[in-house]
Amino acid sequence: MEMDSIGQLMDTSEKLEKGIAELYSLFSQALPQDREFWTQLSFEEKNHAALIASIKETFVPLGKEFPTEILAWSRNEVDKANKIVTDCLSAFTESAQDREKIFNLALELELAAGEIHFQCFMKKKPSTMLEEMFQQLNMEDKDHSLRLHAYMKKHGITIHKRTIFPGESEACRE
């Protein structure tokens, strides 16, 4: 992948992480009984965005290798996920949302292409010192979809049948 395309993909990936963080922040306000859970996920999404920005600032201008596995398969996939997040942010009103709908929306977002890539990157055996460093920095920010699923199950929140996102069947292949 060319450095210009990588830079653009990183920009849209960072935007996705920030958008999801903002959405989770709104969820924490809408669901006081789950505030701590959403606040933690929002914080972690902000960390993901900061990590992507840091990689871009450090490595892209230098033309250096960096862990591209952290990014989604294509910009098109990230753009689709960004559109969903943007639509959710503009349509979200606390009174119009219910707990089950909010949790299922978050689960869908966490299974979107950009998030799957981040989680796959975090699970793989690092092949460079750089990959190991990024994994160590984000050790606690793993498996949001699994944590959402477990939280929903524990609190009796119905999990809806979900859409399969493009490329998902290839998720986490080594």
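Just so it is clear, none of the values below were taken in a lab; they were calculated from the coordinates. Predicted model only: the values in this text are computed from it and were never measured. Virtual Cβ from ideal backbone geometry, glycine too; neighbours counted across all protein chains shown.
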Practice item. Kindly flag which residue pairs out of Lys56/Lys154; Lys18/Lys153; Lys56/Lys161 have an alpha-carbon separation exceeding 32 Å in this structure. Key: Lys56/Lys154; Lys56/Lys161
Review point. Computed FRET efficiency, Cβ-Cβ of Arg35 and Gln8, R0 30 Å: what is it to the nearest 0.05?
Key: 0.25
Practice item. Return the sequence-ordered ³J(HN,Hα) values of the range 16-24 in whole Hz as given by the Karplus equation 6.51 cos²θ - 1.76 cosθ + 1.60 applied to θ = phi - 60°, using x for Gly and Pro. Key: 4, 4, 5, x, 5, 4, 5, 5, 5
**Study point:** Peptides ranked, highest mean first, by Cβ atoms within 10 Å: ranges 27-36, 12-21, 48-57
**Key:** 12-21, 48-57, 27-36
